[in-house]
Amino acid sequence: MLKQRMITAAWLAPVTLIGLFGLQGGAFALFTALIVLLGTWEWTNLAGVIVSRTRLALVAGMAVLMALLWLSGAAFAVWPLWLAAAGWLLNLYWVTRYPESSQQWQATSRRLLMGVWVLLPCWVGFNVLRDSGAVWLLFVMLLVWTADIGAYFAGRRWGKRKLAPRVSPGKSWEGVYGGLAATMLLALLFALWQPLGVMGGVALIVITAVVTLTSVLGDLFESMLKRYRNIKDSSQLLPGHGGVLDRIDSLTAAIPIFALLYLQVLSLQVSAL
């Protein structure tokens, strides 16, 4: 298993970095669309669709939606990001009340609808951030990775109080605090590096706290759906690493929310300097 994980990581890491930071415009949109469409294939399974032909049709439907957003210019618009904000508030309600809340979303059609407000705004957020400059895409990627690392080590060392035992028994509040501490440090370093000014730096730190907590929710939300379906991984598309959603679950929440807050708050601070 370890050997397979290392082999997958050896080609996955450079492909991801080149795709996210070496491509621009339509090529970048196509690359991130491929990632989201692979995630859509896995989501159909989380929704309870098992017939391959039906799953392919649903993936094609998502591709059509993305193409329409691109052609209309909405792939860079703010309204899909507001959709994500509303959707993740609803997701928070469901996660904190699982398993009782499953009665509200157990229908396959509703779980498929969940995928629309989780995955489609994530793709829009990728495009918004890449169009705004690779530095902010880099920041939110580092934020998620840093939060994961900080949570892992803090949870291992001090974790006692369970965060959501009925959804993900391994996560603790101490892990969340460790992730927050790590991302606060990252935000401070970025605020010193980028010409944000005092108010911009404060805004970045507050936004980082919000997005860090949102990324935790993204992880918990996928864990909830997998627990409901009684599966360990979203798929085996990435040997040794599970599925695409297993790798981007935190990003599906963090990317659109950070993109929204960047457009509504941070970009205004930058432009005012």
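The values are calculated or read from the model by the stated rules, or taken from the named source; none is laboratory data. For clarity, every value in this text was computed on a predicted model and none was experimentally measured. FYI the Cβ positions are ideal-geometry reconstructions off the backbone, even for glycines, and counts take in every protein chain you see.
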Exercise. Just a yes or no: is a residue in segment 160-171 at negative phi and assigned to a helix (DSSP H, G or I)?
Worked result: no
Problem set entry | Subset of segment 190-211 (residues that are of a type in the set (A, V, I, L, M) and either over 12 Å from Leu143 (Cα atoms) or in contact (Cβ under 8 Å) with a residue 60 or more places away in the chain (or both)) | Ala191, Leu192, Leu196, Val198, Met199, Val202, Ala203, Leu204, Val206, Val211
Problem set entry | segment 102-116 residues that are closer than 14 Å to Phe221 by Cβ and touching a residue at least 40 places away in the same chain (Cβ under 8 Å), paired with ones that are surrounded by 12 or more Cβ atoms within 10 Å (Cβ to Cβ) and acidic (Asp, Glu) (beta carbon under 8 Å, 6 or more apart) | none
Exercise. Which of the following residues is more than 21 Å from the chain's Cα centre (by Cα), closer than 26 Å to Ala77 by Cα and part of a helix (DSSP H, G or I): Val206, Val265, Val211, Val202?
Worked result: Val202
Exercise. Checking Leu58 against (1) in contact (Cβ under 8 Å) with a residue 12 or more places away in the chain; (2) closer than 20 Å to Arg247 by Cβ, which test does it fail?
Worked result: (2)
For this session: Would you check which residues across segment 184-215 are at pLDDT below 90 and either touching a Pro at 6+ places or on another chain (Cβ under 8 Å) or of a type in the set (S, T, N, Q) (or both) and list them?
Result: Gln194
Exercise. Looking only at segment 140-175, which residues are crowded, with 24+ Cβ neighbours inside 10 Å and either out of contact with any Gly (no Cβ under 9 Å at 6 or more places or on another chain) or free of Cβ contacts under 8 Å to residues at least 24 places away in the same chain (or both)?
Worked result: Leu143
For this session: Please find, among Phe258, Phe221, the residue that is farther than 25 Å from Leu185 by Cβ and either of a type in the set (Lys, Arg) or in a helix (DSSP H, G or I) (or both).
Result: Phe221
For this session: Select from segment 183-202 the residues that are in contact with a Phe, Trp or Tyr (Cβ under 9 Å, 6 or more places away or on another chain) and hydrophobic (A, V, I, L, M, F, W, C) and write down the one among them that is surrounded by the fewest Cβ atoms within 10 Å (Cβ to Cβ).
Result: Leu196
Seminar exercise, completed: Quick count over segment 74-108, residues being touching a Lys or Arg at 6+ places or on another chain (Cβ under 8 Å), loosely packed, with under 15 Cβ neighbours inside 10 Å and not in a helix (DSSP H, G or I), is 1
Seminar exercise, completed: Reported set for segment 7-25 where residues are touching a residue at least 12 places away in the same chain (Cβ under 8 Å) and in a helix (DSSP H, G or I) is Ile7, Thr8, Ala9, Leu12, Gly19, Leu20, Phe21
